[in-house]
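Only the coordinates and a few stated rules stand behind these numbers; no lab work does. Note that the structure is a prediction, hence the values are computed from the model and not measured. Quick reminder, even Gly has a Cβ in these numbers, built from the backbone with ideal geometry, and neighbours come from all protein chains shown.
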Amino acid sequence: MALLEVEDLTKTFGGLTAINQVEFSTTEGEILGLIGPNGAGKTTLFNLITGCLKPDRGTIQFRGEEIQGLTPHEISRKGIGRTFQIAKSFSHMSTLDNVMVGGFIHNRDIKNVKDAALEILEFTGLTAQRDALAENLIIGDLRRLEIAKAMATKPTLLLLDEVMAGLNPTETEEAIDIIRKIRDRGVTILIVEHVMHAIMSLSDRVIVVHHGERIAEGIPEEVTKNAEVIEAYLGEDYLIS
């Protein structure tokens, strides 16, 4: 059974169809990449899966249970976590407190939640910033904090929305390493990213969306040679021999 299964998913905003009959599934333990041009519908798809939006048509099944129509916190409790393309930290709270917020969705014991948050800070390389206000973090640490907050909710499936945006090459490699370690912990990952080196080196499979529709799916080497993908997104300079 697929961990996540999306069927005939459709979402319109007025006369604009943002997601049109999209179908895909994930298997446990894989990293599934999601790519496409800006405006292709990738973040809308994340919002539908996590309950921030409700689909006009179609189903979203997680562990065999339909979850479309549930609230974001109900979906989070079931084991789906996410980051946001624009970092959504609690700016006037410390890095540690930001991470602890997510932990309270499963546990109300402050000591247990704090201990778990401290472990996550160490895992994501943020221990030195534990007492720093989120508003004072540099972009690389803010991206790590997004991941840390999501990990605090103990996800089985983690949706990562452009967690490498704005990072320099060293920070990008560090983010790739963190994502691989998250998968090693048994977490399945669905990742949206425009950094092609990252998405192609991380992903077991890649789905390409364009104008709200899935136009290709396969292993990275296959997708990068797909003529429709090259025309719609990658460009001819990205051919891999």
Exercise. How many nm separate the modelled label positions at Glu221 and Phe104, each set 7 Å beyond the Cα in the direction of the Cβ?
Worked result: 5.0 nm
Seminar exercise, completed: Restricting to lysines and to Cα separations under 17 Å from Lys88, and discarding same-chain partners fewer than 8 apart, the set is Lys149
Exercise. FRET efficiency for Ser201 and Glu122, Cβ-Cβ distance as r, R0 = 25 Å, nearest 0.05?
Worked result: 0.50
Problem set entry | For Ala216, residues with placed amide H under 5 Å, excluding near neighbours | Val208
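Let me have the 222 nm mean residue ellipticity of the chain computed from DSSP H runs of 4+ only, each contributing -39500 (n - 2.57), with the sum over all residues rounded to the nearest 500.
-9500 deg cm²/dmol
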Exercise. What does the charge count near Thr156 come to, summing +1 for each Lys or Arg and -1 for each Asp or Glu among other residues with Cβ under 9 Å from its Cβ?
Worked result: +2
Exercise. Mind ordering 150-156, 185-191 by average Cβ neighbours within 10 Å, highest first?
Worked result: 150-156, 185-191
Problem set entry | Tilt relative to the chain, helix 139-152 - C-alpha long axis, 0 to 90 degrees, to 10 | 80 degrees
For this session: Rounded to the nearest Å, what's the spacing between the alpha carbon centres of region 22-53 and region 163-228? Just the number, please.
Result: 12 Å
